[in-house]
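Before any comments, here is the structure.
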Amino acid sequence: MKTASQERNPQPAAGDDGGLGGIHREWSMIVHRWVRVIHAIFLRLKTPMTPIKVLLYLKLFQNDVEPSVIADFICVPRQTMTSILDGMEKDGLIVRQEHPSDRRRKLVRFARKGSALAERALKEIRRHEAQAMAALTPGELSSMLASMRKFSEALEGSVAAGAAKAEGAR
């Protein structure tokens with residue numbers, strides 16, 4: 001019988017020779033652990049993950065933004081974004097205002113309560129990130145960021161190329 005720790009952090013499958021398959025499994029586990037950690041932080045804030053992601057978008061990138069921009073950024077369908085924002089508005093986290101040049105469009109911005117929650121969430125995330133980064137030397141941190149940036153760009157390029165290839169095959 002597996003322990004709780006083994007369930008959370010499974011070991012590579014038997015016969016894993018450390019080749020590319022093992023690298024893929026290890027990468028998947030690292031990403032899974034990051035998502036789990038962020039989810040645990042959000043649970044402590046007693047707010048579902050999606051509204052926190054909306055608030056963090058407003059805090060980090062742009063307040064007064066159209067719902068479709070937020071939906072695209074946090075990877076939810078645009079029609080789903082409407083119901084998410086309805087709930088957030090009801091909870092006093094955001095307000096929707098008319099667009100200054102097109103009354104058919106709306107802009108999303110913080111309500112006071114949402115701004116405070118975004119600040120608390122960001123502070124909590126940054127505190128844990130700083131503690132984790134303290135385990136790395138400045139050189140290791142710089143190297144990690146450079147490698148992650150390069151990997152992210154290559155992954156985005158691969159996905160974009162695959163989408164273009166699939167579109168061309170239609």
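The values are calculated or read from the model by the stated rules, or taken from the named source; none is laboratory data. Computed from a predicted model, the values in this text were never measured in an experiment. No Cβ is skipped: glycine too gets one built from the backbone with ideal geometry, and neighbour counts run over all protein chains shown. Heads up: the accessible areas ignore ligands, DNA and RNA and are worked out on the full protein's heavy atoms, side chains in. Shrake-Rupley method; radii C 1.70, N 1.55, O 1.52, S 1.80 Å.
So if I check each of HIS99, HIS128, which one is in contact with a strand residue (DSSP E or B) (Cβ under 6 Å, 6 or more places away or on another chain), open to solvent by less than 80 Å² (accessible area, probe 1.4 Å) and modelled with pLDDT under 95?
HIS99
Take the range 139-170 and flag every residue that is among the charged types (D, E, K, R) and within 19 Å of the chain's Cα centre (by Cα).
Quick first cut of the range 139-170, residues among the charged types (D, E, K, R) only: 140, 149-150, 153, 156, 165, 167, 170.
Result: ARG149, LYS150, GLU153, GLU156.
Pull up the range 106-120, narrow it to residues that are more than 10 Å from VAL65 (Cα to Cα) and of a type in the set (D, E, K, R), then point me to the one that is farthest from the chain's Cα centre (by Cα).
Only one residue fits best here, namely ARG112.
Output yes when any residue across the range 79-100 is without any contact (Cβ under 8 Å) to a residue 12 or more places away in the chain, in contact with a helix residue (DSSP H, G or I) (Cβ under 9 Å, 6 or more places away or on another chain) and not polar (S, T, N, Q), and no when none is.
No, the range 79-100 contains no residue that is without any contact (Cβ under 8 Å) to a residue 12 or more places away in the chain, in contact with a helix residue (DSSP H, G or I) (Cβ under 9 Å, 6 or more places away or on another chain) and not polar (S, T, N, Q).
If you take the residues of the range 31-90 that are of a type in the set (D, E, K, R) and touching a strand residue (DSSP E or B) at 6+ places or on another chain (Cβ under 7 Å), which of them is surrounded by the fewest Cβ atoms within 10 Å (Cβ to Cβ)?
Let us first name the residues in the range 31-90 that are of a type in the set (D, E, K, R), namely 33, 36, 44, 46, 53, 59, 64, 66, 72, 78, 86, 89-90.
Then keep just the ones that are touching a strand residue (DSSP E or B) at 6+ places or on another chain (Cβ under 7 Å); that gives 64, 66, 89.
On the way: ASP64: 12, GLU66: 18, GLU89: 15.
Within the range 31-90, the match that is surrounded by the fewest Cβ atoms within 10 Å (Cβ to Cβ) is ASP64.
Counting only residues that are in contact (Cβ under 8 Å) with a residue 24 or more places away in the chain and either of a type in the set (A, V, I, L, M, F, W, C) or loosely packed, with under 12 Cβ neighbours inside 10 Å (or both), how many does the range 102-125 have?
Taking the range 102-125 first, the residues in contact (Cβ under 8 Å) with a residue 24 or more places away in the chain are 105-110, 114-115, 117-122, 124-125.
Okay, now just the ones that are also either of a type in the set (A, V, I, L, M, F, W, C) or loosely packed, with under 12 Cβ neighbours inside 10 Å (or both), so 107-108, 110, 117-118, 121-122, 125.
Total satisfying the criteria: 8.
Answer yes if at least one residue in the range 14-30 is part of a loop (DSSP other than H, G, I, E, B), at pLDDT below 90, more than 19 Å from ARG120 (Cα to Cα) and hydrophobic (A, V, I, L, M, F, W, C), and no otherwise.
yes
Please find, among SER158, SER152, the residue that is at pLDDT below 95, among the hydroxyl-bearing types (Ser, Thr, Tyr) and open to solvent by 60 Å² or more (accessible area, probe 1.4 Å).
SER158
Residues are listed down the side, and each one gets a yes or a no for (1) of a type outside the set (Val, Ile, Thr); (2) outside any helix (DSSP H, G or I); (3) within 18 Å of LYS46 (Cβ to Cβ):
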| site | (1), (2), (3) |
| --- | --- |
| ARG103 | yes, yes, no |
| SER115 | yes, no, yes |
| ARG126 | yes, no, no |
| ALA130 | yes, no, no |
| SER142 | yes, no, no |
